[in-house]
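Engineer: Provided herewith is a single structure, encoded as structure tokens, for subsequent inquiry.
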Amino acid sequence: MKAIAIVPHTKTVQLVDRDDPKIETPTQVKVKVLQVGICGTDREEVAGGRADAPPGEKMLIIGHEVLGEVVQVGDAVRSLKPKDLVVIMVRRPCSECEMCKKGCSDMCQSGNYTERGIKQRHGFHQEFVIDEEKYMIWVPPALVGTAVLTEPTTVVEKAIDHACRLQVARLPVDPDPKKWLHGKKVLVAGLGPIGLLAAMVLRLRGANVVGMDIVDPHSLRPRILEEMGGKYVVGKEGAMKGQSFDLILEAAGIPKLDFQLPQFLAKNGVYVLTGVASDGPPLAVDAGRLMRDLVLENQIVFGSVNAGIAHFKQAVIDLEEAEKKWRGVIPQLITSKTPFTRFEEVLEKRNPDEIKAVIEWA
Ligand SMILES: [Zn+2]
Ligand SMILES: [Zn+2]
């Protein structure tokens, strides 16, 4: 079978031939890969950035946002059968920390977790993959067009869930974290796939969503936001003057913006960052004002990455809910589908109008 592999920390990326994987234990499932989404992580990997091959190997098969179809199950597999659609989790636990031992590898404390397609485990850009049943999430057939967006959706599910849990833990409000967002004012900064999927989840929970980006208000990203009932604001000086938000979700990864956003946080507000910023020159910020406001206004700032099984399941539920509520809106996030034989066209460059590029395997 074919696979897309890189030599980590170089710019070598190629289509390679590999033996078909075989089920080796009764709890494993064999999956035919249908689609794999591409994100900044993949592009960083093919450009020679962050990636590690499995121990003792030179190459890493990349890809971590997968939708597949079950073709074979081990004798002990109960929840899946051939022809089922599945998405597969990315991270695998380390063997030492308390979080991983408790099934929370997305909060791994040792840093020695592994990740399919990123860190010491082959990813999903191949015709067939094998994994344990417990890392697979069943997907309803109706989601065949959008379930490749599940993995990026899990990132926002976790960020939003944790923000809501923090709020219900400290404020005298309804103890159900999902209800906290109802009627709240939320700012989503950056309308890439993560920002738009965040807007989707937030709108489903009844929040009033303002999305900020620098793109033309008549272009696709603002249109998708507005079709879900969100409001678009072009991010320029003074655009947000006088406004304050109960929750700010950052999905841009721009350090200067990251430090400007807290001024728009309401009293008792929560600010969650999901964008991965690069190193850069030091910034001049009024740290006194920033820290003082956090204290005097009871505000929270935290970062969030990756996601666990509960957030994968919630992502599938929300993608299905969104499709019922706004038929045809979420599929617009997938702006290109490219056969795996032409992977260079999307992996090594990025179309400026792209939201989510997908590579098709079957
Ligand atoms: Zn990704
Ligand atoms: Zn761990």
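Engineer: So, in segment 210-242, of the ones that are closer than 28 Å to Val329 by Cα and modelled with pLDDT under 95, which residue ends up surrounded by the fewest Cβ atoms within 10 Å (Cβ to Cβ)?
Structural biologist: Applying the filter and picking the extreme gives Lys236.
Each row is one residue, and each column tells you yes or no for (1) of a type in the set (Val, Ile, Thr); (2) under 19 Å from the mean Cα position of the chain (by Cα).
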residue: His9; (1), (2): no, no
residue: Val13; (1), (2): yes, no
residue: Arg18; (1), (2): no, no
residue: Gln28; (1), (2): no, no
residue: Glu44; (1), (2): no, yes
residue: Ala53; (1), (2): no, no
residue: Ile61; (1), (2): yes, no
residue: Leu67; (1), (2): no, yes
residue: Val71; (1), (2): yes, no
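Results for (1) free of Cβ contacts under 8 Å to residues at least 24 places away in the same chain; (2) not aliphatic (A, V, I, L, M), shown as yes or no for each residue.
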| site | (1), (2) |
| --- | --- |
| Ile4 | no, no |
| Thr25 | no, yes |
| Cys39 | no, yes |
| Glu44 | yes, yes |
| Pro54 | no, yes |
| Gly63 | no, yes |
| Val71 | no, no |
| Leu85 | no, no |
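Engineer: I'd like to verify a number: residues in segment 304-355 that are under 23 Å from Thr12 (Cα atoms), out of contact with any Phe, Trp or Tyr (no Cβ under 6 Å at 6 or more places or on another chain) and either surrounded by 15 or more Cβ atoms within 10 Å (Cβ to Cβ) or of a type in the set (D, E, K, R) (or both), how many?
Structural biologist: Residues that pass the stated criteria total 11.
Engineer: Here are the criteria: (1) surrounded by fewer than 22 Cβ atoms within 10 Å (Cβ to Cβ); (2) within 16 Å of ligand 1 (Cβ to nearest atom). Tell me which single one Val87 does not satisfy.
Structural biologist: (1) is the only condition that Val87 fails.
Engineer: Being of a type in the set (Val, Ile, Thr), in contact (Cβ under 8 Å) with a residue 60 or more places away in the chain and out of contact with any His (no Cβ under 7 Å at 6 or more places or on another chain) is the requirement here; does Thr153 meet it?
Structural biologist: It is true that Thr153 is of a type in the set (Val, Ile, Thr), in contact (Cβ under 8 Å) with a residue 60 or more places away in the chain and out of contact with any His (no Cβ under 7 Å at 6 or more places or on another chain).
Engineer: Just give me the residues in segment 126-162 being under 16 Å from Ala362 (Cβ atoms), in contact with a helix residue (DSSP H, G or I) (Cβ under 7 Å, 6 or more places away or on another chain) and within 16 Å of ligand 1 (Cβ to nearest atom), in sequence order.
Structural biologist: Within segment 126-162, Ala147 is the sole residue that qualifies.
Engineer: Now for a separate question. Just to check your reading of the model, which residue among Gly49, Gly56, Gly63 is under 19 Å from Val13 (Cα atoms), surrounded by fewer than 19 Cβ atoms within 10 Å (Cβ to Cβ), within 16 Å of ligand 1 (Cβ to nearest atom) and not assigned by TED's automatic domain parsing to the domain that holds Ala251?
Structural biologist: Gly49
Engineer: Out of all the residues in segment 163-176, is one or more crowded, with 24+ Cβ neighbours inside 10 Å and modelled with pLDDT of 95 or more?
Structural biologist: Yes, some residue in segment 163-176 is crowded, with 24+ Cβ neighbours inside 10 Å and modelled with pLDDT of 95 or more.
Engineer: Quick check on segment 264-273. Is at least one of its residues assigned to a helix (DSSP H, G or I) and touching a residue at least 40 places away in the same chain (Cβ under 8 Å)?
Structural biologist: Yes, the conditions are met somewhere in segment 264-273.
Engineer: Assess whether Val234 counts as being without any contact (Cβ under 8 Å) to a residue 60 or more places away in the chain and of a type outside the set (Lys, Arg).
Structural biologist: So Val234 fits the description; yes.
Engineer: Of everything in segment 332-362, what is in contact (Cβ under 8 Å) with a residue 40 or more places away in the chain and either in a loop (DSSP other than H, G, I, E, B) or out of contact with any helix residue (DSSP H, G or I) (no Cβ under 8 Å at 6 or more places or on another chain) (or both)? Give them in sequence order.
Structural biologist: Lys337, Phe340, Thr341, Phe343, Glu344, Val346, Glu348, Arg350, Asp353, Ile355, Trp361, Ala362
Engineer: So for segment 105-112 (the condition being small (Gly, Ala, Ser), touching a residue at least 60 places away in the same chain (Cβ under 8 Å), in contact with a Cys (Cβ under 8 Å, 6 or more places away or on another chain) and within 16 Å of ligand 2 (Cβ to nearest atom)), does at least one residue qualify?
Structural biologist: yes
The values are calculated or read from the model by the stated rules, or taken from the named source; none is laboratory data. If you're wondering where the values come from, they're calculated on a predicted model, not measured in any experiment. All Cβ positions, even for glycine, are placed from backbone atoms using ideal geometry, and neighbour counts span all protein chains on display.
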